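A quick write-up on the structure given underneath.
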């Protein structure tokens, strides 16, 4: 016979809330003070109170596999004609073949700049 689980081990049911529910909620004075204190810390970028000790260090393998993220810039829509085998190859790498084209060209541009 299977052991019956206790009520305390049951997962809590999530309650759906709308923006209006949050805006119309009656806050206690203690809650209001906590929210204001957190908002002030966020406004000045103060993260000194965050405890990072439980976050494990990155391994050498993880560091070696990191890639640099490009700044998000506004992209310009263009039309480009590619050889069909090039397009098949790009699509074979998974979703995002158009972004991949941009990344390849961007990396080539950066390498050329660095070579000069």
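Mind running the shape call on the chain? Use the C-alpha gyration tensor, a ≥ b ≥ c as the square roots of the eigenvalues: rounded below 1.5 for a/c, prolate if a/b tops b/c, oblate otherwise. Don't jump to the answer; show the numbers that get you there.
Numbers: a/c = 2.09, a/b = 1.75, b/c = 1.19.
Note, shape of the chain comes out prolate.
Based on the mean of other Cβ atoms within 10 Å per residue, sort peptides 25-38, 97-110, 73-86 so the most packed one is first.
In descending order of packing, they fall as 97-110, 25-38, 73-86.
What is the calculated FRET efficiency for residue 106 to residue 61, with r their C-beta to C-beta distance and R₀ = 35 Å, to the nearest 0.05?
So, using R0 = 35 Å, E works out to roughly 0.85.
Calculate how steeply helix 97-115 sits against the longest principal axis of the alpha-carbon atoms of the chain, using the helix alpha-carbon long axis, and give the answer as 0 to 90 degrees to the nearest 10.
70
Bear in mind these aren't lab numbers, they're just calculated from the coordinates by the rules spelled out. All values reported here derive from a predicted model rather than from experimental measurement. Note that each Cβ is placed from the backbone with ideal geometry, even for glycine, and that neighbours are counted across all protein chains shown.
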